[in-house]
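> Just dropping this structure here.
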Amino acid sequence: MGGLQIPMEQVLALAGLLFSCGLLGLMLRRNIIFMLMSLEVMLNAAALAFVAAGAKWQQADGQIIFLLILSVAAAEVAVGLGLVLQIQRRFKTLDMDQARRLRG
Amino acid sequence: MAGIWLIPFFPLASAVLLLLSAGRMPRQLAAWLGAGSVGLSAICVASLVNDFLADGQVREVTLWTWMTVAEFTPRFAFYIDGLTVVMMSVITGVGFLIHLYSIEFMWDDESICRYFAYMNLFVGAMLLLVMADNLLLLYLGWEGVGVCSYLLVGFWYRDPANGKAARKAFVVTRVGDTAMALGLFLLFTELGTLDIQPLLAAANSTWQVGDTLPVLATALLLGGAVGKSAQLPLQVWLPDAMAGPTPVSALIHAATMVTAGVYLIARTSGLFLLAPPTMEAVAWIGLLTLLLAAFAALVQQDIKRILAYSTISQIGYMFLALGVGAFASGIFHLVTHAFFKALLFLAAGAVIHCLHHEHNIFRMGGLRKRLPVVFWSFLIGSAALAALPFTSGFYSKDAILLSASEVGGIGLWLWAGGLLGALLTGIYSFRLVFIVFFGQAHTEPDRQPGWKMSVALVVLCALALAGGLLALPLADVFPAARAHEASHAIEYISIGTPLLGLLLAYLMFLGRQINFDRAADSIAGRRVRGFLFSGWRFDQLYEVLWVRPYTTVAHWCRNEPVDRVYNAIVASSQWAHHKLAALQTGELRWYATSMVFGLVLLLAVMLRNAT
Amino acid sequence: MTLAVLILLLLGGGLLAWLAERTHPNLPRWVALGVVGISLLFLLLTLPPEQLALATDPRHPGNWLAQLKIDWMPRFGIAFELAMDGLSLLLLVLTLLLGLVAITASWSEITFKPGLFQANLLWTLAGVCGVFLAMDLFLFFLFWEVMLIPMYLLIAIWGHENKSYAAMKFFIFTQASGLLMLLAIVVLAWQGSRVSGQLSFSYFDLLGLSLDPRVAWWTMLGFFLAFTVKLPAFPFHTWLPDAHTQAPTAGSVLLAGILLKTGAYGLLRFCIPLFPEASMEFAPIAMGLGVAGVIYGAVLAFAQSDFKRLVAYSSVSHMGFVLLGLYAWNQLALQGAVMQMVAHGVSTAALFMLAGALQHRLHTRDMGRMGGLWHQAPRMGACAMFFAVASLGLPGLGNFVAEFLVLLGLFAVHPWLAAIAAVGLITAAIYSLWMMQQAFQGTPDKQRTMPDFDGREMTAMAAMMIALLWLGLYPQPVLDLAQPVLDSLQALATPLDQAHSLVSKAAPAAGSGL
C-alpha cells in the first residue's frame, strides 16, 4: 500500500458530514432535482465510508460495495430523472409539496 | 267394535280431500262430503255407544307408537270409557246436526269447500282430544281445535276485525295451553309417564292429598282449562270469537271446544282430587266467571255476544261443579248445555240468516209470527238455558247447585252465588226472547229457514227438552258421589229462582211494569252499563298490562339494539382508520423526515440497550 | 370412498353447471338439479342399511356407516378424514333435499350468470356436506371456509338492494369467529401432542384428552363462538336478518335450512364432546343465551314489516331451542334439538321459498303493501298457513315434536328456564299469525293480479308438507337414526349435577378464566 495515509476518523467524519448534508438537503429542499442530488450525495457518503473501511482492513469488499453503489446510483438517476420528467409534465412544477396525490 | 279409529278418520279424511280439491269441488259434493263424513262418524259412535252400554267395557285401541325417546313413549292410542263415549256422542251428534244446518247457512258462500274442510278438521281434532289415552295426544287435539277455531273465527278473512278476533282467540288460549304444556312437563318429570290411566295411578301412589307437587301440576293444567273454556282470567277471547260464521259459534264456541277444559279436569279428576286447593280454586273461578259473564250478558246488544257471555257463564257452572267434586254433574251440564246452546246459536243463526245478517237485537223484534220454527226453538233453548223446570238445563243445573250446597264451609257461598247466577240467567235469556221475538218488528225477514235448518233445530229442541232424562254412563269414571239429601226448601228455591228471573224479564222488557230507563240513563247508570258492556273492562286491562308493553318493547327493538354494539365496533375502527390515514400526507419530504427520525429513535434505543 | 365421491360430485357438478351456461342459459339449473338428485340417490343407494341401527362408538371410526382416511400432511398429523354416522347421514339427506328445494325455488328467478349461480349453490352444498363429514379438525375448518365463500358470493352478486352490506356482514361475522375456531383447533392439537407425543388433528385422537381446565375453557370458547355465530345464538345473530333478507331465495333457503345447522352440528359433535367438563361448566350461560334467543327472536320477529326479516328472526327464536336442547344434554332434549334441526330446516326453507315467490310476483317484501293475498293466491295462502302453524309449533307437525322434547328434557334439568322458554310458544303464535294477517288476510287489493303457485312450486311445497307431517306424526325413523349417535356422544360428557367431583376441580380454574 503506502501513499497518502489519511486517518480513518477523518475519512469517516467527512463521510458523516457529506451524509448529513445530503440528508438535510433531502429534508429541506422542495425541488425534486435537488432532492435527487441530495440522495446522490448521501449514497456517495456511504460509498466513501465503505472505501475507507476496505482500505483499513485490506479487504476487497469495500471496493465491491462501492461499485455496487455506483451502479445503483446510476440506475437511480436514470429512473429518477424519468420520473422527474413525468412529474414536470403532470404537475407543471418540480415542487414535491405540490405532488401529494397519495394523501390518505 | 274394531273400527274405532274410523271415527276420527272420517272427518279428517274428508278434511284432507276438501283441502286437496283446493276449492274446485262442486259445492253440492263438498257440502255433503263435509256433513256426511261427520254423519258416518256419528253412526259409528252410535254403534259404539250401543256396544258400550251393553257390556260397559273400557276399550283401548293402539294405532302406533308416536315416538320412543328414553322412557318417553306416547302412543297414538285411544281410551274409550263412559266419559269418552259421552263426549264422542255430543261431538258427532251435535256436530252432525250443525254440519247439516251449515249446508244451508253457508250455501251462498264462495268458500264453502274451505268451510267444510275446517269444520271437519275441527271435528277430527276434537275427537282425538276426547279419545286420547295420553296427555300428549290430548294436547295434539287440544291445539288442533285451537287452530281450527282460529281458522273458522277468521273465516271471512277480508275484514281485519275478524282476523283480530281470531288471533286474539288463539293467542289467549295459547297462554293457557303453555301453562298446560308446563303441567305436562312437570307430570312427566315427576311420574315418568303421560298415559292418563297409569299417570293417575302413579300420582295416587306417589303423592298424598295436599302435597305441593299435585297442586302445582293441577294448577298448570287448570291454566290450560281456563284458557280453552274461557274462564277467568282468560275469558276475554270468547265474545270476540263470535266473528265467525254462526254454526261455528254453535259447534266450537258453545257445544264442544270451549268445554274441553271441563273435560280435561274431569279426565284428570284423580289428580285434582289430590289437590284440594286447586279444587277450591276451580270452584271459585267457576263462580266468579259465571256471575261476571251473567252480568255482562244483561247489557249486550249483539245477539251472538249475549249467547257468548251466557256460554262463559254456563261453563262457569260446570267449573263450579268440578270444583265441588261433582264431576258427573259437571259433565251432565256439559251435555245438556251442548244441546240447548247449540240450539240457541242455530236459532240465532237462523234469525241472522233471515234478517240480512242483522246482529243487533234492538233492530229485530216481533219475529214470533214471522219465523215460528225459529221462535219455538229459541224459546225452548232459552227455557233450558234458564233452567225452567223439566227442561234439560233444569236437571243439570239443579244437580250442580245441590252439590254446591252440600259442601261444608264455602259451600253456602257457592250455592248462593250460583243461585244469583240462575236468576240473572233467567233475566238475560228471556230479555233476549222478549226483545227479539215479541214487540214491534223493526226488520222484515226476507226468507224462511229451509228443511236442513229446520231439521237440525227440531232435533235439538227435542234434545234440549228431554236431554235431562238421559242417564250418562259415568258411574265407573268418577268416584261415587254422595246421594243428594237436600231439604225441600233448597229444592223449591232452585225451582223458583229461574221463574223469578223470567217474571222479572217479563216485567222489565215486555210488560214494562218495571222501568229502569231513568236509572240506566243517569251518569252512574251509563257508567255501570258501559262497564258491564265491555265485559268488566278486561280487554282494556289486558291492553294496558300485556298488549301495549309487548308492542312497545317490540317497537323499540325493531331496529336491532344488539347491532349497536357491532356498529360501535365498526365506528371505532373507522375512527381509527381516519386518524391513521391523516398521517399519510402525500408529502415526500414528510415521509423522509419521519423515516429519519424513526431511525434515529431506533438507533438510540438500540444503543441504550447495548450499553 | 363414497363420501369423497359425494363431495367431488358436488364440486365437479358446480364446475359443469358453470360451463353449461355457454350452451344455453337454462341448462345450468337442470345440471344442478341432476347433480344434487344423483348425489342424493348415490348417498342412499350406497348405504349399508343393516348398519343403521348399530351404535357407533365415537372413538373408533371403524364401525361407522362409512369412513375414509387418506394422509394429507402427515408431518402435521393432518389427514383427509371423512366419516359418517346416523347424525351425519340425517343432516346430509336434509342438505341434499333442501338443495333440491333451493334449486326449484330459484328456478326462474336468476337471469344474471345462471351458471355461476348454480355453481356457487353446488359448492356451498359441497362445503356443507364436507362439514358434516369431516373428522379431521383441520379439514373441518377447510370445509367451513368452502361453505362460507360461495355463500358470500351468492349474497353479494345475486342479492337484493342492500346486498354488499349484508354479504360483508355475513362474511366478517363468520370469518372472525371461524378464525377463533382455527386458533382453538391449533391449540387443541398442540395440547394433544403434548399429551400423546404425536401431533394429530383427527377428531378420534383428540376425543377424551385430559386438558388443563383453563386451557380447555378458552379453547372451548373458541369453538363455541364459531358455532354460536353460525347457529346463530343471541347476541351473535345480527348478521342473520340482513343476510337472509338480502340473499336470493335459494340463498335464504340454504342459509336457513342448512347452514345454521352446521353450527348446531358443530356444538353437538365437537364443542361439547371435546371439552365435556368445560362445556358443562358453561352450560348455564349457553342455556341462558338460548332462552334469550327464543324470546328476543320472537319479539323482534313480531316487530318486522319485511316478510323475510320476520322469518329470519323466527329462525333466531327456533335455533334458541336447539341451543337449549344441546346444553340440557339429556336424551330427550338432545333428540329434540336434532329434531328441531331437521324440522326447522324444512319449515323455514318453505317459508323463505314463499317469501321469495311473493317478492318475485309483487316486487316487494314489505307486508304493509300486501294484504288479502289469499283471495288472489289461495294455494300460496294455504301453504303459508300450513308453515306458519308449523313454525308456531302445532302438534302433529315436526316442529312441535322438537320443541316439546327440548322443553321436556330441559324441564328435568332447569324447570324455571323451561318455563321461561315456554313463553316462546306464545310469542311464536303472535308473530306467525301476525304474518298471516298482514300478508294473506285482510282486504285484497282489487287492482293486483298475481299468479298462484304453479306445479313446480306446489311439488316442492307438498314435499315439505309431507315431510313435516311425517316428522310430526311418526318421527321414530329420525329418532332411531340419531339415537345411537346421541347415546355415544352423551356418554362422553356428564351434566354437572351428576358430576359434582368435576365441579370442585374445574370451578376455580373456570372462575379465574372468566
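> Would you please name the residue that is farthest from C:Phe440 (Cα to Cα), looking only at residues in segment C:376-394 that are within 8 Å of chain B (Cβ to nearest Cβ) and surrounded by fewer than 24 Cβ atoms within 10 Å (Cβ to Cβ)?
Here the residue is C:Leu394.
> In contact with a Lys or Arg (Cβ under 8 Å, 6 or more places away or on another chain) and not aliphatic (A, V, I, L, M): does that describe C:Ser164?
On the way: in contact with a Lys or Arg (Cβ under 8 Å, 6 or more places away or on another chain): no; not aliphatic (A, V, I, L, M): yes.
Judged against the criteria, C:Ser164 is not a match.
> From the list C:Leu373, C:Leu408, exactly one residue is in contact with a strand residue (DSSP E or B) (Cβ under 8 Å, 6 or more places away or on another chain), in contact (Cβ under 8 Å) with a residue 24 or more places away in the chain, within 13 Å of another protein chain (Cβ to nearest Cβ) and of a type outside the set (Asp, Glu). Which is it? Before the answer, list the steps.
Values: C:Leu373 fails: in contact with a strand residue (DSSP E or B) (Cβ under 8 Å, 6 or more places away or on another chain).
That would be C:Leu408, the only listed residue that is in contact with a strand residue (DSSP E or B) (Cβ under 8 Å, 6 or more places away or on another chain), in contact (Cβ under 8 Å) with a residue 24 or more places away in the chain, within 13 Å of another protein chain (Cβ to nearest Cβ) and of a type outside the set (Asp, Glu).
> Now a separate question. Among the residues of segment B:148-164, how many are part of a helix (DSSP H, G or I), out of contact with any Phe, Trp or Tyr (no Cβ under 7 Å at 6 or more places or on another chain) and hydrophobic (A, V, I, L, M, F, W, C)?
Of the residues in that region, 2 qualify.
One line per residue, one yes/no per condition, for (1) touching a Gly at 6+ places or on another chain (Cβ under 9 Å); (2) acidic (Asp, Glu):
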position	(1), (2)
C:Glu281	no, yes
C:Gly297	yes, no
C:Gly320	yes, no
C:Gly325	yes, no
C:Gln335	yes, no
C:Gly372	yes, no
C:Ala384	no, no
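> Residues that are over 18 Å from the mean Cα position of the chain (by Cα), more than 26 Å from B:Phe362 (Cα to Cα) and touching a residue at least 12 places away in the same chain (Cβ under 8 Å): does segment B:284-291 have at least one?
yes
> On to the next question. Does B:Arg75 meet the test of being of a type outside the set (Gly, Ala, Ser) and either crowded, with 16+ Cβ neighbours inside 10 Å or at positive phi (or both)? Quick ask: steps written out before the conclusion?
Working: of a type outside the set (Gly, Ala, Ser): yes; either crowded, with 16+ Cβ neighbours inside 10 Å or at positive phi (or both): yes.
Spelling it out, B:Arg75 is indeed of a type outside the set (Gly, Ala, Ser) and either crowded, with 16+ Cβ neighbours inside 10 Å or at positive phi (or both).
> Of all residues in segment B:188-209, how many are facing another protein chain (nearest Cβ under 10 Å), under 21 Å from B:Val130 (Cα atoms) and assigned to a helix (DSSP H, G or I)? Write out each step before concluding.
First, pick out the residues of segment B:188-209 that are facing another protein chain (nearest Cβ under 10 Å): B:188-190, B:194.
Subsequent filtering for residues that are under 21 Å from B:Val130 (Cα atoms) retains B:188, B:194.
From what's left, assigned to a helix (DSSP H, G or I): B:188.
Residues in segment B:188-209 being facing another protein chain (nearest Cβ under 10 Å), under 21 Å from B:Val130 (Cα atoms) and assigned to a helix (DSSP H, G or I): 1 in total.
> Also, quick follow-up: For segment B:574-585, state whether one or more residues are away from chain A (no Cβ under 13 Å), within 16 Å of C:Lys169 (Cβ to Cβ) and free of Cβ contacts under 8 Å to residues at least 40 places away in the same chain.
Yes, segment B:574-585 contains at least one residue that is away from chain A (no Cβ under 13 Å), within 16 Å of C:Lys169 (Cβ to Cβ) and free of Cβ contacts under 8 Å to residues at least 40 places away in the same chain.
> Separate question: Could you check segment B:497-551 for helices (runs of 4 or more DSSP H) lying wholly inside it with 1 or more residues that are touching a residue at least 24 places away in the same chain (Cβ under 8 Å), under 32 Å from the mean Cα position of the chain (by Cα) and within 23 Å of B:Phe434 (Cα to Cα)? It would help to see each step written out before you state the result.
Numbers: elements: B:517-521, B:523-533, B:538-542.
Per the criteria, B:523-533.
> Going through C:Gln437, C:Gln441 one at a time, which residue ends up being within 11 Å of chain B (Cβ to nearest Cβ) and buried (at least 23 other Cβ atoms within 10 Å of the Cβ)? Before the answer, list the steps.
Numbers: C:Gln437 fails: buried (at least 23 other Cβ atoms within 10 Å of the Cβ).
Only one candidate qualifies: C:Gln441.
> Right, something else. Please go through segment B:353-386 and pick out each residue that is crowded, with 19+ Cβ neighbours inside 10 Å and under 25 Å from the mean Cα position of the chain (by Cα).
Within segment B:353-386, B:His353, B:Ile361, B:Ser377, B:Phe378, B:Ile380, B:Gly381, B:Ser382, B:Ala383, B:Ala384, B:Leu385, B:Ala386 qualify.
> Among (1) touching a Ser or Thr at 6+ places or on another chain (Cβ under 6 Å); (2) over 21 Å from B:Asp302 (Cα atoms), there is one condition B:Glu406 misses while meeting the rest; what is its number?
Result: B:Glu406 passes all but (1).
> Quickly run through segment C:332-348 and pick out the residues that are away from chain B (no Cβ under 14 Å) and either without any contact (Cβ under 8 Å) to a residue 24 or more places away in the chain or hydrophobic (A, V, I, L, M, F, W, C) (or both). Before the answer, list the steps.
Narrowing segment C:332-348 to residues away from chain B (no Cβ under 14 Å): C:341, C:344-348.
Scanning segment C:332-348 gives C:Met341, C:Val346.
> Checking C:Ile285 against (1) over 30 Å from C:Leu354 (Cβ atoms); (2) in contact (Cβ under 8 Å) with a residue 24 or more places away in the chain, which test does it fail?
Among (1) over 30 Å from C:Leu354 (Cβ atoms); (2) in contact (Cβ under 8 Å) with a residue 24 or more places away in the chain, C:Ile285 violates only (2).
> Quick check on segment C:456-478. Is at least one of its residues facing chain B (nearest Cβ under 9 Å) and of a type in the set (D, E, K, R)?
No, because not a single residue in segment C:456-478 is facing chain B (nearest Cβ under 9 Å) and of a type in the set (D, E, K, R).
> Same structure, new question: For segment B:135-181, which residues satisfy the criterion of being among the aliphatic types (A, V, I, L, M) and within 8 Å of chain C (Cβ to nearest Cβ)? Show your work before the answer.
Within segment B:135-181, the first condition is being among the aliphatic types (A, V, I, L, M), and the residues that meet it are B:135-138, B:140, B:145, B:147, B:151-153, B:161, B:165-166, B:169, B:171-172, B:175, B:179-181.
Within segment B:135-181, B:Leu136, B:Leu140, B:Val147, B:Leu151, B:Ala166, B:Val171, B:Val175, B:Ala181 qualify.
> Please return the ranges of helices (runs of 4 or more DSSP H) entirely within segment C:68-173 where 3 or more residues are among the small types (Gly, Ala, Ser). If you could, list the steps in order and put the result at the bottom.
Values: elements: C:86-105, C:114-133, C:137-158.
It comes to C:86-105, C:114-133.
> If B:Thr443 satisfies every condition in (1) of a type in the set (S, T, N, Q); (2) in contact with a Lys or Arg (Cβ under 9 Å, 6 or more places away or on another chain); (3) surrounded by 24 or more Cβ atoms within 10 Å (Cβ to Cβ) but one, which is the exception?
Only one criterion in (1) of a type in the set (S, T, N, Q); (2) in contact with a Lys or Arg (Cβ under 9 Å, 6 or more places away or on another chain); (3) surrounded by 24 or more Cβ atoms within 10 Å (Cβ to Cβ) is unmet by B:Thr443, namely (3).
> Could you tell me how many of the residues in segment B:552-572 are more than 30 Å from the chain's Cα centre (by Cα) and surrounded by 14 or more Cβ atoms within 10 Å (Cβ to Cβ)?
Adding up the residues that qualify gives 6.
> Please enumerate the residues belonging to segment A:66-104 that are modelled with pLDDT of 90 or more and of a type in the set (Phe, Trp, Tyr).
A:Phe66, the sole residue that qualifies.
> Filter segment A:1-50 down to the residues that are assigned to a loop (DSSP other than H, G, I, E, B) and within 14 Å of chain B (Cβ to nearest Cβ) and list them by number.
Taking segment A:1-50 first, the residues assigned to a loop (DSSP other than H, G, I, E, B) are A:1-7, A:29-30.
A:Arg29, A:Arg30 - these are the residues of segment A:1-50 that are assigned to a loop (DSSP other than H, G, I, E, B) and within 14 Å of chain B (Cβ to nearest Cβ).
> I've got another one for you. May I ask you to list the residues in segment B:28-67 that are farther than 16 Å from B:Tyr79 by Cα, of a type in the set (S, T, N, Q) and modelled with pLDDT of 90 or more?
Those that are farther than 16 Å from B:Tyr79 by Cα, of a type in the set (S, T, N, Q) and modelled with pLDDT of 90 or more: B:Ser37, B:Ser41, B:Ser47, B:Asn50.
> Out of (1) surrounded by fewer than 24 Cβ atoms within 10 Å (Cβ to Cβ); (2) more than 12 Å from chain B (Cβ to nearest Cβ), what's the single condition that is false for C:Leu351?
(1)
The values are calculated or read from the model by the stated rules, or taken from the named source; none is laboratory data. All values reported here derive from a predicted model rather than from experimental measurement. We place every Cβ from the backbone using ideal geometry, glycine too, and count neighbours over all the protein chains shown.
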